[in-house]
Number of protein chains: 2
Amino acid sequence: MPNTNTFKGRMTLPAEKGMDKELALLMEKWGCDAVRDSDGTELPANIKELGMDVYSTLCMVRADKEFGQNNRDVLQQKYLMSDPVTAFEDSLTIELLKGYYDQQFEIDCAHQPAKWWEVRNRSTGEVLKSSEWDFDAKKGAVTIAKAQKYNVYTVAFLVYQVWDSTSMYNALTNGWSGDHPGAVDPFQPKAREHLKVFLQKWLGEHPATDIVRFTSVAYHFTNIFSDKAEPRYRDWSGYTDMISPYMIEKFEKERGYRLSPEDFVTAGYLNSCDRVPSKQYLDWIDFVNEHLVAFCKEWVDITHQANRKAMLFFCDHWIGTEPYGKRFDQIGFDSLVNPVKNAIELRRIADVPGNYQREARLYPYFFPVNLGNQPSFAPGGNPKAECVEFWMLVRRALMQKLIERIGFGGYTNLAVQFPDFIDYVAILADEFREMHAMSQGVPSYKAPFKVGVLNAWGKSRSWITKEFHLGGLMESLGGLPFEVEFFNFEDIEASGIPAGVKVIINTGNADTAWSGGQHWTRAKVTSAIREFVAKGGGFIGVGEPSAHDHEGKFFQISDVLGVDKERHMSVGRVKTKLPSEASHFITADGGFDLGFTSIEIFADFPEQLKVLVAARDGIKIATNNYQKGRSVYLAGYNFSWANVRLLYRSILWAAGQEELSKKWFSSNYHTEVSAFEKGGRFAVYNNTNDAQETEVFRADGKTVKVSLAGNECKWFDI
Amino acid sequence: MPNTNTFKGRMTLPAEKGMDKELALLMEKWGCDAVRDSDGTELPANIKELGMDVYSTLCMVRADKEFGQNNRDVLQQKYLMSDPVTAFEDSLTIELLKGYYDQQFEIDCAHQPAKWWEVRNRSTGEVLKSSEWDFDAKKGAVTIAKAQKYNVYTVAFLVYQVWDSTSMYNALTNGWSGDHPGAVDPFQPKAREHLKVFLQKWLGEHPATDIVRFTSVAYHFTNIFSDKAEPRYRDWSGYTDMISPYMIEKFEKERGYRLSPEDFVTAGYLNSCDRVPSKQYLDWIDFVNEHLVAFCKEWVDITHQANRKAMLFFCDHWIGTEPYGKRFDQIGFDSLVNPVKNAIELRRIADVPGNYQREARLYPYFFPVNLGNQPSFAPGGNPKAECVEFWMLVRRALMQKLIERIGFGGYTNLAVQFPDFIDYVAILADEFREMHAMSQGVPSYKAPFKVGVLNAWGKSRSWITKEFHLGGLMESLGGLPFEVEFFNFEDIEASGIPAGVKVIINTGNADTAWSGGQHWTRAKVTSAIREFVAKGGGFIGVGEPSAHDHEGKFFQISDVLGVDKERHMSVGRVKTKLPSEASHFITADGGFDLGFTSIEIFADFPEQLKVLVAARDGIKIATNNYQKGRSVYLAGYNFSWANVRLLYRSILWAAGQEELSKKWFSSNYHTEVSAFEKGGRFAVYNNTNDAQETEVFRADGKTVKVSLAGNECKWFDI
């Protein structure tokens, strides 16, 4: 059992002026050892006397509002694409910002449109000559004098983002008033020089600050608003901001070729992370990262010279830093912090290579409304219930990959009005500290092999996903006892399947970055995977794995999977109908529900195929034996505890290690087990709000019966 | 009311020896005026005395078994593709016929494999040099000495089809015994000459025959059997048979380029009619048709010279004749016959351009088992119920497009054992003859505009479909009061939207021939359709209409449809959510169920879009206004009476002619109305087995209440 309230530390508290009594209470109850400020709050003057570390948030690119207002030429820029417009007459006028939020963007009239913009006929794919169109700056419109009637046209054009995304979001969503600061572009020499001076000045003005929490390096995730002042387009890993003529010319000089407006707008998809990234886009990311690391290192060095530590806020603003990339450690950050409401978000920060102090800012944020704009720390809200719900997802991920610290953000004066919330955080803080006591730096039990996740992004987008199959699956995986390695198709071509990987997962809709699209036409890739499985490896395909229309197959390794998908292009092929297996290791615990699934999956190589679940619209779960290896196909995946178990069993079966279902394994899939062998104890935790009974398989072949209250975590000696 | 048993004629009966009494009964009860033989039966000797026309079936290509056996070199040939095989070792051996039925095919060893075959690496797409592989005729296997390990290989090779498909089907499905005749290839000069002589001889030996019913010209539909002697691949409009070196060389000489084995096997898809046809395949079809028409005309001429008439059996063997093509009328057939169990099959024959006597051979076939291999004219069977079910689908199509004759096939001695069946056929025969009495050569009421069906095949595959959306939709359309015109993308480029078409339907899965695939990237096509709708036309898209990934859209005319499909490549785009309309003209009669639908359909152009039905996985039914025109989107379509009504209303709404729902229209969608203005009567018919009440809207604004027994058809004066 955890020794409640005997631990202290590893926890950060948001503090503000005039809350001395409450601060003392929470220091006692939660064991906090650091405080931070929040947007719009000020720390108590006597904060250092409390003996706590002080974090201060600093958003470099929008901190000096005056500089931004006086230097509009270095505000951040980007390409937008006008909405497609059809020519109903010979002449066509396109209002560029129609459908966009006019307080977020201003058309860049400073750089010659004829040189920097691109007008395309989307019906033919042709680029119009600049002599074929005119830009009217007053109307903000492009006119094509002689358009092809009934053809569709778009304009890719440059804008300044005149209102910083976070500030705008808070104003629009939370009703914050105030001015509209624009974020400056630190790639521009003038801004870069100014920000260095500004940072030195800021450090001087904040002597109490121990840790500068850089709430941004430069980039905000892509967040484009509509003419209704509502979200229009978002991409948490999108490199759409800070695309300026300055940077494009620099790119051309350094990389030897010029990027076109189309390389950025990509027919309106804006290089969505869901699309298979182009070479141009990957080159751009690398180029941006190279230069961002350079100026970011200047900031961290200045911070260190002032004897402070530098922390990266991961969430909105990690873009450009590429924490999983080859240059991240050059920057010299001391610590990383990420808002964390589930396993994916915990693993996103926990798995970053390198030696960092890492902190998870837990949810709910101490704020009247939550992310869903529902009451939270306000009448009608239930912050404790919210907190429990998130903690159930985060706790199991921490059990697998422990990080140094947790914390909260927001307004402490709101939090203290909810005593049941305060009590629950005390419990979760102790659960967290107990993990540290047991871990002693050694991770909990893991299966003796790695799980590899294959997609077009690979390592660079570890634990980042928007795709729905992948979302639930990665969330599940983040709390299972496996080391996980993300890799891409170039990695396979360069050096084969990563060492230690025993099971590869590929999941997603056809032709997305997650499934991999045209990369599956690379013979070196498909051969390497066939060889890997043939020699005893496992492959798990979910949704439309390896899918791309090529050489007679849709699933390019349908021989490995045993199944392919009928897209109504070969209806004449009579499909082999296989009976469903009465029982199987993978489905033994039942209860699963795959949700929306890929339909019309059929037995393409029926010889070794076993159908575990089928529906009227096709195969839903199947296994295949391929030489010495195994594959599992799941037609869909949603997050649920039963599905987590289905995935766990799928991985063990694909690895040919079914016996591991008798080692640190819980018979009841609503509960999970983590064994910390160095600390000599194992935890059994209930992920649900209801009481649960389970039988735990230890490593020594013995079993233990365990009863758990809702959400409870119990510890036992090994 | 029909004057039961006062009509005679327009009906063909299968007759056989020794059934004189039964024949007389059916002549009386059904009013037959012609008899035919069936496979394996012989007509009564006194048949001419009964005063009836005699049809005799003749399958030219397999009729002279002896010739086929003695001239194996002119048996029909085709390309097959071996199943893909993975190289697990350096050397790879592929057994060519593995997975195929060895009694159907023999490998063609007569034509040099190195010249005529093709071995492909399907992982890389490369064609192997002939020096890189060897064929062992004894083993029927190709060996690649130095294969790329873990790459997948296929062989495209020539075979002789040594057992005719129909004969084989009857042997395997119906247990018929006997020899295995192969069909000869009349394109080969030796066979062509022989068949002319044979036909002359055959006519001499069949003096009683009035009409030669050519059960084949040359081609059987593609019907490839597996090593389990079960259907493996089928394509009712596939040109896979009679691909011989002789014809390939002739093609090269006449068309100026050589077709490769890959042009025929197309990575294993065998040019499935569901795939967008390639230029090569269309050229091949045209070439085959050109030469087939030439020798087929010889046969018809010989038949005419013998003072007989020539009838084309449509079903299994129309391939090559191209009844909707430009040369069909050159052949000179007098009549067409088709087995007909529904509206599609009726319209397939009824809409063939030209002046032909047309006959529908109704179902069930007088045989112990039916097409589903269930008891029919046998203990446990219910042929009357089967007959009613089919007649409900055929009757409404005949109401729209009347043909000259109906008939049955099979063994009359089986039929007469089911008196309720005999009685029902008497009713349906009278219903059919009543249509003629009322029509007097003038079709029933039609809406004053045409419905156009747009796909990659166009006119040439009118009323031929395998695609599931399209199947049910075409079946529905076949009995609605619209002239229907099929056209393709070339037609639009050449001459715009066909005259008279007011509503275009495009339906099917993405990138199939039915939806149209890459043809939607033709700017002339999309412009023409935009113009057509903008000026007041209607467009109905079903499933994945106009779908092809191109220039930022999936549905290429998403501006016209208002909707597009999210394929998880732009999840970051925030979708506009529209409320569902409380009521709408299209959905006013309710009861519909679209079945499997395309998921994640979203509002791409929400301004004019109205959502009629939405589900958790996206929009299901929507309408859009586009300038002066309208579009309707249906996410799926299955055949049902409620869906027929949904389609009917969709067409009227898309045409902007909602007022036609008050003209010859039935309030109860289980019943339909057809008005024969020349005959001065209108029919109200119940398509269900249950009694129905309905209100009929006449053309003059008056309404009539009608009660109908199950399946009943009532006639009223206009």
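The values are calculated or read from the model by the stated rules, or taken from the named source; none is laboratory data. Keep in mind that what you see is a predicted model, and the values were worked out from it rather than measured. Cβ placement follows ideal geometry from the backbone for every residue including glycine, while neighbour counts extend to all protein chains displayed. Side chains are part of the model used for accessible areas, which takes the heavy atoms of the whole protein and leaves out ligands, DNA and RNA. Shrake-Rupley method; radii C 1.70, N 1.55, O 1.52, S 1.80 Å.
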In debye, nearest 20: dipole of the protein assembly as shown around its Cα centre with unit charges on the Cβ of K, R (+) and D, E (-)?
140
If you project the alpha carbons of segment B:5-128 onto their three principal axes, what span does each projection cover, largest first, in Å?
77, 34, 20
Kindly work out what percent of the DSSP beta bridges joining two residues of chain A are antiparallel, to the nearest 5.
60
Give the nm distances, rounded to one decimal, from A:S91 to the matching residue in every other copy, measuring between label points 7 Å along Cα toward the beta carbon; shortest first.
7.7
Relative pair counts by distance (%), Cα atoms of chain B, 20 Å bins
16, 46, 33, 5, 0
Mean-position separation - Cα centroids, segment A:278-293 and segment B:307-383, in angstrom:
64
Starting from a label point 7 Å past Cα on the Cβ side, list the distances from A:E658 to the same position in the other copies, nm, shortest first.
6.2
Rounded to the nearest whole number, the Stokes-Einstein translational diffusion coefficient of segment A:574-663 at 10 °C and 1.306 mPa s (Kirkwood radius, C-alpha pairs) in µm²/s is 118
Put simply, what bits of segment B:494-538 lose 40 Å² or more of accessible area when the other protein chains are there, versus the chain on its own (1.4 Å probe)?
B:A523, B:S527, B:R530
Run the accessible area of segment B:594-718 with a 1.4 Å probe and give the carbon-and-sulfur part as a rounded percent.
45
Can you give me the accessible area per residue for segment A:490-590, using a 1.4 Å probe, in Å²?
31
Rolling a 1.4 angstrom probe over the protein heavy atoms, how many square angstrom per residue are accessible across segment A:170-305?
36
Grab every C-alpha pair in the protein assembly as shown, bin the distances at 20 angstrom width from 0 up to the longest one, and report whole percents.
9, 31, 33, 19, 7, 1, 0
Determine, from the Cβ-Cβ distance of A:H304 and B:V574 and an R0 of 45 Å, the FRET efficiency 1/(1 + (r/R0)^6), rounded to the nearest 0.05.
0.65
Name the residues of segment A:586-630 whose accessible area, probed at 1.4 Å, falls by at least 50 Å² once all protein chains are in place instead of their chain on its own?
A:F596
Interface burial for A against B (accessible surface, 1.4 Å probe, total of both chains, Å², rounded to 100):
4600
Looking at the square roots a ≥ b ≥ c of the eigenvalues of the Cα gyration tensor of segment A:471-599, which shape do they give, rounded for a/c under 1.5, prolate if a/b is larger than b/c, or oblate?
oblate
With no solvent and one point on each alpha carbon, what is the Debye value of log10 I(q)/I(0) for segment A:632-683 at q = 0.14, 0.22, 0.27, 0.29 Å⁻¹?
-0.43, -0.90, -1.11, -1.16
What do the square roots of 5 times the Cα gyration tensor eigenvalues come to for segment A:249-303, in whole Å, largest first, as semi-axes of the equivalent ellipsoid?
26, 15, 8
Closest-to-axis residue of chain A (Cβ criterion, axis taking A to B), whole Å
A:I599, 4
Could you pull out the pairs from A:K98/B:K565; A:K628/A:K662; A:K98/A:K250 whose alpha carbons sit more than 26 Å apart here?
A:K98/A:K250
Contact order normalised by residue count of segment B:163-295, Cα under 8 Å, 6+ apart, percent:
18
1.4 Å probe, heavy atoms, protein only - residues of segment B:545-576 losing at least 50 Å² accessible area vs chain alone:
B:E551, B:G552, B:H568, B:M569, B:G572, B:V574
Normalised by the number of residues in chain A, what is the relative contact order in percent for Cα pairs under 8 Å and 6+ residues apart?
10
So between A:A709 and A:N70, what do we pick up on full extension, going 0.36 nm a residue minus the alpha carbon distance?
224.0 nm
With bins 5 Å wide starting at 0, give me the P(r) of segment B:147-207 over every alpha carbon pair, in whole percents.
4, 13, 11, 13, 16, 15, 9, 6, 6, 3, 2, 2, 1, 0
State the answer as a single residue: which of B:A415, B:L473, B:S439 lies farthest towards the positive end of the charge dipole of segment B:399-477, with beta carbon charges of +1 for Lys and Arg and -1 for Asp and Glu, about the Cα centre.
B:L473
Over segment A:290-442, with every protein chain in place, what whole percent of the accessible area is carbon and sulfur at 1.4 Å, could you tell me?
50
With one decimal in nm and the nearest listed first, the spacings from A:K139 to its own position in the other copies, using label points 7 Å along Cα-to-Cβ, are 7.6
Once the convex hull of the C-alpha atoms of segment B:523-623 is built, how many Å³ does it hold per residue, rounded to a whole number?
111
When the dipole is taken about the Cα centre of segment A:91-162, and only Lys, Arg (+1) and Asp, Glu (-1) are charged at their Cβ, what size is it in debye, to the nearest 20?
260
So with the 1.4 Å probe, I'd like the accessible area per residue for segment A:1-122, rounded to whole Å².
44
Mind listing the phi-derived Karplus ³J(HN,Hα) values for segment B:63-73, rounded to whole Hz, using 6.51, -1.76 and 1.60 with θ = phi - 60°, and x for any glycine or proline?
5, 9, 4, 5, 4, x, 5, 8, 9, 4, 5
Collect residues whose amide H, placed 1.01 Å from N in the peptide plane, falls under 5 Å from the amide H of B:G618; neighbours closer than 5 in sequence don't count.
B:E600
Rounded, prolate or oblate, given the Cα gyration tensor of segment A:74-173, with a/c below 1.5 counting as rounded?
prolate
Quick one: grab the alpha carbon gyration tensor of segment B:639-718, order the square roots of its eigenvalues as a ≥ b ≥ c, and give me rounded if a/c is under 1.5, else prolate or oblate depending on whether a/b is larger than b/c.
oblate
FRET E, pair A:D690, A:D20, Förster distance 41 Å, beta-carbon r, rounded to 0.05
0.55
For segment A:298-404, evaluate the Debye formula with one uniform point scatterer on each Cα (no solvent term) and list log10 I(q)/I(0) at q = 0.10, 0.12, 0.14, 0.23 Å⁻¹, rounded to two decimals.
-0.35, -0.49, -0.64, -1.17
Separation of alpha-carbon centers, segment B:629-649 and segment B:669-718, rounded to whole Å
22
Spatial extent of segment B:180-247: Rg and Dmax, with the Cα atoms as the point set, Å:
15.3, 43
Could you check how much of the accessible area of segment A:1-126 is carbon and sulfur, as a whole percent, using a 1.4 Å probe?
44
